[in-house]
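Notes follow the structure.
The values are calculated or read from the model by the stated rules, or taken from the named source; none is laboratory data. Just so it is clear, the structure is predicted and the values come from calculations on it, not from any experiment. So basically every Cβ, Gly included, is an ideal-geometry build from the backbone, and we count neighbours across all protein chains shown. With ligands, DNA and RNA removed, areas are computed over all heavy atoms of the protein, side chains included. Shrake-Rupley method; radii C 1.70, N 1.55, O 1.52, S 1.80 Å.
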Amino acid sequence: MAADDSYVFGAAVLRGGVGAEGDRYVWRVDLAAPVLLGLPDSAVAPSPQGQLGLGATYQAENAGHKVGLVVKEAFAGLRWGQPPVSTVLRLGRFAFGEGHEISPPGLESLKRERIAERLVGPFDFSHVGRSFDGLEVNRSDPRTSLTAAVLRPTEGVFQLDGLRPLDVMVAYAGLTRVWTRKRDREPAAGSWEGRLFALYYLDWRRIPRADNRPAELRVLDSTAVRIFTIGMHYLAAFRAGPGVADVLLWGAWQNGGWGQQRHRAAAVAMEGGFRPRGVPLNPWLRGGWFYGQGDRDPSDDFHRTFFQVLPTPRIYARFPFYNLTNLVDRFFQLTLRLGDSWRMRLDAHSLRLAAKEDLWYSGGGAFDRENFGFVGRSSGGSSDLAGVFDLSTDWQATPRLGATLYVGHARGGDVIGAVYPRGQRASFAYLELRCRL
């Protein structure tokens, strides 16, 4: 019997909480009840194809359970100083995403969609997501933010049981600095931002990892994964003729231990955009290039595949059959706006593997005790992964009511053809309604 590769399913999340905030303190407890409806019963194909889409992943992870109850946040915090200069400490369970520190005026959306959560995030696209147990300290003023955190991610993401912390630890420190120069009509023009960050990841779960070594070596390797990442980003917007241009640079370098192998890897992103003034629908054109290193020699003592840690992968892969590991992504993007309530975005991506000797990776990091969180499939000796085209429309009717429609199509290359010889094309669409009471 062939696996079901075409299906529709539904999901909903009801979230609520209580809390209080004062001059010196803050506390909050949030619960979420995710519900999954109409999941496919037979959408898992034999290896190497595996789970066919998000519905198959939900079904495989939840063993028939369709309703969950998750503690999303349960923390207490203290404040020192008075805004705009203050220090905040949070202790307990909370959402965390690196790169969300202060933003230059007018560039908040660019930072949210092209900087934040590349390496650590709450995976909010799924209906469960992940939280973090730990401690976070932030000191900020209008131009500078210093953040330090020591955290353990919880279970969740695709499984409805999201209560327990995992045997994983992440430590983060980031320094962000913003410069602005006032302009009369263009709040974004004359804005710059720079960030330096360091990240340490420790995973002592005794499970096989996703890499390009032979299976018998991966199964026998139970040594902890220990990866240290240092990186930076630079974001700037400036006047350029009849409009405003922007430049984005992001880079990270990693070392440490990948089980019994030594780990060395890097990743780089370079992007630019332009927004002409006085044009209907306020078009914003952007393009860019991303490189996430792959491992070219599975037989040596080094693991040279860039490790994306605990990201929110769908921010950078809106059709999430890939992530930023062993990837070269060339993309073009067009955003249109009609007032403050309607936004349309069109993306086109050309995807290739950085190293054909490595694997085609997907996934967003640890989310349970038995699965590594990343999946690797054979490249088939090729580097041509796919071309992706997608379109989304966001409508914010009121501050409390909004909707998103997304449609994506992928045309697979030789890598996908080697895994799915009977069909190299795929489509993904969803309609999301949001209501806050």
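Protein-only accessible surface at a 1.4 angstrom probe places the residues TYR58, TYR7 in the order TYR7, TYR58, largest first. Loop-located chymotrypsin sites (Phe, Trp or Tyr not before Pro) in the range 232-303 (DSSP state not H, G, I, E or B) with no more than 11 neighbouring Cβ atoms inside 10 Å do not occur. Post the alpha-carbon centroid distance, the range 378-437 to the range 231-295, in whole angstrom. If you average the Cα positions of each part, the centres end up 21 Å apart.
Comparing Cα centroids, the range 12-54 and the range 298-318 end up 24 angstrom apart.
Note on the range 300-437: dipole from Cβ charges, positive end direction compared against ALA418, TRP360, SER341; the farthest Cα belongs to SER341. What shape does the chain have by the C-alpha gyration tensor, where a ≥ b ≥ c are the square roots of the eigenvalues, rounded means a/c under 1.5, and otherwise prolate means a/b greater than b/c and oblate the rest? It is rounded, given that a/c, with a ≥ b ≥ c, falls under 1.5. Excluding same-chain neighbours fewer than eight residues apart, the aspartates and glutamates reachable from LYS66 by a Cα-Cα span under 12 Å are ASP161.
Using a simple spin-label model with pseudo-atoms 7 Å out from Cα toward Cβ, PHE389 and LEU405 lie 1.8 nm apart.
Can you check what the net charge comes to around GLN49, using other residues whose Cβ is under 15 Å from the Cβ of GLN49 (Lys, Arg +1; Asp, Glu -1)? Write out the running numbers ahead of the final one.
Details: positive: ARG377, ARG422, ARG425; negative: ASP4, ASP5.
So the surrounding residues net to +1.
Run lengths n ≥ 4 of DSSP H only: what is the helix-derived mean residue ellipticity at 222 nm for the chain, with -39500 (n - 2.57) per run over all residues, to the nearest 500?
Numbers: 4 runs with 28 residues, N = 437.
So the helix-based figure for the chain works out to -1500 deg cm²/dmol.
Per-residue extension of 0.36 nm, minus the Cα-Cα distance of VAL18 and LEU220, leaves a gain of 68.1 nm for this segment. Taking label positions 7 Å along the Cα-Cβ direction at both LYS66 and ALA245, the computed distance is 5.5 nm, reported to one decimal.
Site pair LEU37 and SER109 shows an inter-label distance of 3.1 nm when each label is modelled 7 Å from Cα along Cα→Cβ.
Provide the FRET efficiency to the nearest 0.05 for the MET270-ASP414 pair, computing r from the beta carbons and using R0 = 22 Å. In this case the efficiency is close to 0.25. When the chain is treated as a Gaussian network with alpha carbon springs shorter than 10 Å, the biggest mean-square fluctuation among GLY121, GLY99, GLY16 belongs to GLY16. The ARG434 and PHE228 beta-carbon pair, evaluated with R₀ = 41 Å, returns a calculated FRET efficiency of approximately 0.60.
Just the C-alpha atoms of the range 349-437: what Rg/Rh do they give, with Rh taken as the Kirkwood radius? Can you show the working numbers first?
On the way: Rg = 17.3 Å, Rh = 15.5 Å.
Looking at the range 349-437, the ratio lands at 1.12.
Computed from Cα atoms alone, the Kirkwood hydrodynamic radius reported for the range 323-388 is 14.1 Å. With a cut-off of 10 Å between beta carbons, the residues surrounding PRO283 carry a summed charge of +2, where Lys and Arg count +1 and Asp and Glu -1. In this structure the amide hydrogen of VAL225, modeled in the peptide plane, comes within under 5 Å of the amide hydrogens of ASP203, GLY259, none closer than 5 places in sequence on its chain.
Among residues other than THR398 whose Cβ falls under 13 Å from its Cβ, what is the net charge (Lys/Arg +1, Asp/Glu -1)? Please report the intermediate quantities before stating the final value.
On the way: positive: ARG400, ARG434, ARG436; negative: ASP340.
My count for the surroundings of THR398 gives +2.
Computed from backbone phi, the HN-Hα couplings of the range 74-88 come to 7, 9, 10, x, 10, 10, 10, x, 10, x, x, 10, 7, 10, 10 Hz, rounded to whole numbers (Karplus: 6.51 cos²θ - 1.76 cosθ + 1.60, θ = phi - 60°; Gly and Pro given as x). For the chain, modelled as a GNM whose springs connect Cα atoms under 10 angstrom apart, the maximal fluctuation among ASN62, ASN323, ASN212 occurs at ASN62. Considering only ALA171, GLY121, PHE332, the residue lying farthest towards the positive end of the dipole of the chain is PHE332, judged by Cα position with unit charges set on Cβ. Among the trypsin sites (Lys or Arg not before Pro) in the range 70-160, those placed in a DSSP loop whose Cβ has at most 14 other Cβ atoms within 10 Å are ARG143.
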